[in-house]
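The structure appears below as structure tokens.
The values are calculated or read from the model by the stated rules, or taken from the named source; none is laboratory data. Computed from a predicted structure; not experimentally measured. In this analysis, Cβ positions are derived from the backbone assuming ideal geometry, glycine residues included, and neighbour counts consider all displayed protein chains.
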Amino acid sequence: MSQSRKTQPRASRVIEARGAGPDHAVTLLKCANSDTPVHQAQVCSQCPWRVRNTGVFPAQAFEHSARSGYDMAKMSFACHPGGIDHPRICAGFLLRGAANNLAVRILELREPLRVKAPPEGELFESYRAMALANGVDPNSPALERLIDSPSRAE
């Protein structure tokens, strides 16, 4: 009789990483149920959700990651500094783009994902607003299924 080893599931698993221009990549995550933190506790300085970072990331990055903002999405928008080595859900996404995300809603059934919000006006109000400000064509098919989520404050 062989013994099976139980392993602790990783908190977040990269399900897609693709290039977006010569210097950027988009990472989408699937999160497992575990005791390991799966999200950033505050919005990082490089966050694309910060209005001051408009133009840092190419429009292609916002088209690739728009699926994380679709109703009932099963993948989440990853925090950029974590990359594929230390994947975490982006704090800006949790505050402004995750209200309709199924994966996040399931995680929050277990325990609220607390995020420290920056001062009012520092973040885009919706994924659509962020994408448009960063050069995505308003008629892009990537934006068609977006539901503008209500903002949340922590």
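For the reader, a short list of remarks on this structure follows.
- Selected residue (only one of Thr27, Thr54 is β-branched (Val, Ile, Thr), at pLDDT 85 or above and either in contact with a helix residue (DSSP H, G or I) (Cβ under 8 Å, 6 or more places away or on another chain) or surrounded by 14 or more Cβ atoms within 10 Å (Cβ to Cβ) (or both)): Thr54
- Residue satisfying condition, being out of contact with any His (no Cβ under 8 Å at 6 or more places or on another chain) and at pLDDT below 90, within set Ala61, Ala11: Ala11
- In region 89-111, the qualifying residues are those that are assigned to a loop (DSSP other than H, G, I, E, B) and at pLDDT 85 or above, and the one that is farthest from Leu143 (Cα to Cα) is Cys90.
- Phe62 vs. criteria touching a Pro at 6+ places or on another chain (Cβ under 8 Å) and surrounded by 23 or more Cβ atoms within 10 Å (Cβ to Cβ): yes
This table checks each residue for (1) among the β-branched types (Val, Ile, Thr); (2) part of a loop (DSSP other than H, G, I, E, B).
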residue: Val56; (1), (2): yes, yes
residue: His64; (1), (2): no, no
residue: Met72; (1), (2): no, yes
residue: His80; (1), (2): no, yes
residue: Pro87; (1), (2): no, yes
residue: Glu125; (1), (2): no, yes
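- Long-range neighbours under 8 Å by Cβ, at least six apart or interchain, first residue under 18 Å from Ser65 (Cα atoms) within region 40-54, second of a type in the set (D, E, K, R) and in a loop (DSSP other than H, G, I, E, B): Gln40/Arg88; Val43/Glu122; Arg50/Glu122; Val51/Glu122
- Within region 120-154, considering residues that are surrounded by 13 or more Cβ atoms within 10 Å (Cβ to Cβ), more than 17 Å from Ala61 (Cα to Cα) and of a type in the set (A, V, I, L, M, F, W, C), the one modelled with the highest pLDDT: Leu123
- Total residues in region 104-114, condition buried (at least 16 other Cβ atoms within 10 Å of the Cβ) and farther than 24 Å from Gln46 by Cα: 1
- The listed residues are Ala73, Ala91, Ala98, Ala117, and the only one of them that is buried (at least 16 other Cβ atoms within 10 Å of the Cβ), farther than 22 Å from Val51 by Cα and small (Gly, Ala, Ser) turns out to be Ala73.
- Residue within region 67-76 that is among the basic types (Lys, Arg), touching a residue at least 12 places away in the same chain (Cβ under 8 Å), over 15 Å from Val43 (Cβ atoms) and in contact with a helix residue (DSSP H, G or I) (Cβ under 9 Å, 6 or more places away or on another chain) present: yes
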